[in-house]
1. Restricting to region 33-49, name every residue that is in contact (Cβ under 8 Å) with a residue 12 or more places away in the chain, more than 18 Å from T179 (Cβ to Cβ) and among the polar types (S, T, N, Q).
2. In the set R77, R31, which member is open to solvent by less than 50 Å² (accessible area, probe 1.4 Å), on the phi < 0 side of the Ramachandran plot, out of contact with any strand residue (DSSP E or B) (no Cβ under 7 Å at 6 or more places or on another chain) and not in a strand (DSSP E or B)?
3. Within the group G103, G181, G200, which residue is open to solvent by 30 Å² or more (accessible area, probe 1.4 Å), closer than 26 Å to S36 by Cβ, at pLDDT below 90 and of a type in the set (G, A, S)?
4. Every residue in region 142-165 that is open to solvent by 30 Å² or more (accessible area, probe 1.4 Å), not charged (D, E, K, R) and not in a loop (DSSP other than H, G, I, E, B), please.
5. Does any residue of region 9-19 turn out to be out of contact with any Phe, Trp or Tyr (no Cβ under 8 Å at 6 or more places or on another chain), farther than 20 Å from G191 by Cα and open to solvent by less than 40 Å² (accessible area, probe 1.4 Å)?
6. Being open to solvent by less than 50 Å² (accessible area, probe 1.4 Å), assigned to a helix (DSSP H, G or I) and over 19 Å from P75 (Cβ atoms): is that true of A187 here?
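The values are calculated or read from the model by the stated rules, or taken from the named source; none is laboratory data. Note that the coordinates shown come from a computational prediction; the quantities given were computed from them, not determined experimentally. Positions of Cβ are backbone-derived with ideal geometry, glycine not excepted, and every protein chain shown enters the neighbour counts. Side chains included, ligands, DNA and RNA excluded: accessible areas come from the protein's heavy atoms. Shrake-Rupley method; radii C 1.70, N 1.55, O 1.52, S 1.80 Å.
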Amino acid sequence: MSGKGRALGVTAVVVGLLGVVLVVGSLAYARNFYGSSTVNSQSMAPTYKPGDRIIFEKVDGGAVHRGDVVLFSAPDRYGFTGSVLQRVVGVGGDRVVCCTGSGTDARITVNGKPLVEPYVNQGDVDGLHKTYDVRVPKGRLFLLGDNRADARDSRFFASDHDGTVAESAVRDRVTDDRTVGLVIGTAVIGGGALALVGIGLGIAAFVVRRRKAAPVAPWHVQQV
């Protein structure tokens, strides 16, 4: 192979492999740390309505905070192994009380402080008009739906740890940050482009090699 053909071949391999690694690595990272799902319940409306597509990051339940929207599994409560979508209102050690005030002025208090919840449906933080006073045990979470009048959440399971859910039941945390998805998508597209460039360079190297290897007809001088 000529020097030019050899250089093209090496470049083709390097660029192509880089593109493949970038695509495979990006997809593997996305699969291991992120996922997506479709909402099929009214319990989190209007924040997330049936048919909405959500993006979630895979986290341990101990990493979530008040206000986070999480996906968790509680087959003993709901009768299925799929994920349930609800919002974290109280974490271990919190005291969650409902409610102070009434109507749209009602507020849930957490550790004695009124909780501001602009996300609840029609401003109704109560929904069931039922009082509760829960001290969240360590390692557990108190969860509510944003549609308080139509959410089967911690309020319905008072006999089981005051309705709280074990942190270990949490599978994912919903994220509205599209930056990671944009970066991963860009990496996949860029990797694909590099792979195509590598293929193009490989073809060019092959052509150069064939031209170099092609026999050259000898010159004949006609004598007069």
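1. S37, T38, S41, Q42, S43, T47, listed by residue number.
2. Values: R31 fails: open to solvent by less than 50 Å² (accessible area, probe 1.4 Å).
None of the other options fit; the residue is R77.
3. On the way: G103 fails: closer than 26 Å to S36 by Cβ; G200 fails: closer than 26 Å to S36 by Cβ.
Step by step, each of G103, G181, G200 is checked, and only G181 is open to solvent by 30 Å² or more (accessible area, probe 1.4 Å), closer than 26 Å to S36 by Cβ, at pLDDT below 90 and of a type in the set (G, A, S).
4. Taking region 142-165 as the starting set, the residues that turn out to be open to solvent by 30 Å² or more (accessible area, probe 1.4 Å) are 149-150, 152, 156, 158-162.
Right, trim to not charged (D, E, K, R) and you get 149, 156, 158-159, 161.
Within region 142-165, A149, F156, H161 meet the criteria.
5. No - not one qualifying residue is present in region 9-19.
6. Working: open to solvent by less than 50 Å² (accessible area, probe 1.4 Å): yes; assigned to a helix (DSSP H, G or I): yes; over 19 Å from P75 (Cβ atoms): yes.
Yes.
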